[in-house]
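The values are calculated or read from the model by the stated rules, or taken from the named source; none is laboratory data. Source: prediction; values computed, not measured. With ideal geometry, Cβ positions are generated from the backbone for all residues, glycine too; neighbour counts draw on all protein chains shown. Ligands, DNA and RNA are excluded from the accessible area calculation, which covers all protein heavy atoms including side chains. Shrake-Rupley method; radii C 1.70, N 1.55, O 1.52, S 1.80 Å.
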Amino acid sequence: SKDPRARELERRIVLSQYLTKLQCTSSNPPQETGLTYNSWFGKPHIEMHWWHAVHFAQWGRHDLMEKSLDWYFRSAAKARAIAQRQGYNGMRWQKMTDNNGDETPSSVGAFLIWQQPHLIYMVEMLYRKNPTSKVLDKYKQLVFATADFMADFPERDAKTGKYNLGKGLIPAQECFDPLTTFNPTYELAYWSWALQTAQQWRTRLGLKPNPQWQDVVKHLAPLPMANG
């Protein structure tokens with residue numbers, strides 16, 4: 001490029017990628033703000049794992065993203081125990097946690113749900129890079145258990161026949177009352193996408209679609225609108 005700004009832009013991009021590789025490519029998800037400074041008690045925040053990891057795959061460095069995905073295998077039993085304790089199927093992924101998958105007390109974390117589809121998103125990126133049975137077989141149980149929780153979590157509204165997310169959640173903005181908030185737009189869209197993607201994994205593996213997942217996708221509440 002002959003643009004006089006190009007060299008500085010390149011410098012910033014390379015530096016940013018370098019710093020992110022240093023801080024976000026261990027075998028554990030990094031703490032919320034990485035290692036530059038210590039915030040949020042120095043703990044991994046799983047809803048932030050997407051931001052820390054997905055860009056590696058978008059730059060074609062899927063191996064760097066995949067390193068931290070082993071944490072989900074190590075934490076799977078605890079995620080399943082959380083779901084069972086709350087009366088749900090599958091695995092409910094933690095929010096603020098530690099490297100062993102133990103939950104940290106939090107007035108917000110217990111109500112967040114937007115981290116649930118992240119695992120499906122990241123392993124789908126791995127599959128699109130390398131569409132083989134090896135990838136499907138490695139991650140299928142995590143994908144299916146994640147989808148089992150996601151299909152069990154919404155409640156069907158007797159009046160509308162639609163499945164609602166909440167009440168009893170805090171959306172990604174973290175500024176709404178969990179006792180009154182339901183059907184946040186971003187979470188609804190992400191929920192639908194993740195369940196449909198999990199169904200695609202079943203199809204790729206030669207399995208029939210899961211009828212519960214399909215019922216939720218078909219009848220999930222519409223995206224909220226205001227003034228059209």
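In the stretch 2-65, which trypsin sites (Lys or Arg not before Pro) are in a loop and have at most 11 other Cβ atoms within 10 Å, using DSSP for the loop call?
Counting only loop positions with at most 11 other Cβ atoms within 10 Å, the trypsin sites (Lys or Arg not before Pro) in the stretch 2-65 are Lys2, Arg5.
If I compute solvent accessible area with a 1.4 Å probe over the protein chains, what percent of it on the stretch 115-228 is carbon and sulfur?
53
Between Val14 and Ala189, what is the label-to-label distance in nm when each label sits 7 Å out along the Cα-to-Cβ direction?
3.6
Mind computing the radius of gyration and Dmax over the alpha-carbon atoms of the chain? Å is fine for both.
According to the Cα coordinates of the chain, Rg and Dmax are 18.7, 63 Å.
At 7 Å along Cα-to-Cβ for each site, give me the label-to-label distance between Lys67 and Arg156 in nm.
4.7
Show me the trypsin sites (Lys or Arg not before Pro) within the stretch 116-225 that DSSP assigns to loop and that have at most 10 other Cβ atoms within 10 Å of their Cβ.
Counting only loop positions with at most 10 other Cβ atoms within 10 Å, the trypsin sites (Lys or Arg not before Pro) in the stretch 116-225 are Lys159.
Where in the chain are the DSSP H helices whose alpha-carbon span along the long axis reaches 27 Å or more and whose Kyte-Doolittle mean is at least 0.0?
The answer, listed by residue number, is 133-152.
Under unit Cβ charges (Lys, Arg +1; Asp, Glu -1), what dipole magnitude, rounded to 20 debye, does the stretch 23-166 have relative to its Cα centre?
Dipole about the Cα centre, nearest 20: 240 debye.
When every alpha-carbon pair in the stretch 125-228 is counted, what percent end up more than 23 Å apart?
Percent of Cα pairs beyond 23 Å in the stretch 125-228: 35.
Return the FRET efficiency for the residue pair Cys175, Lys138: r is the Cβ-Cβ distance, R0 is 35 Å, and the value is rounded to the nearest 0.05.
Using R0 = 35 Å, I get an efficiency of 0.40.
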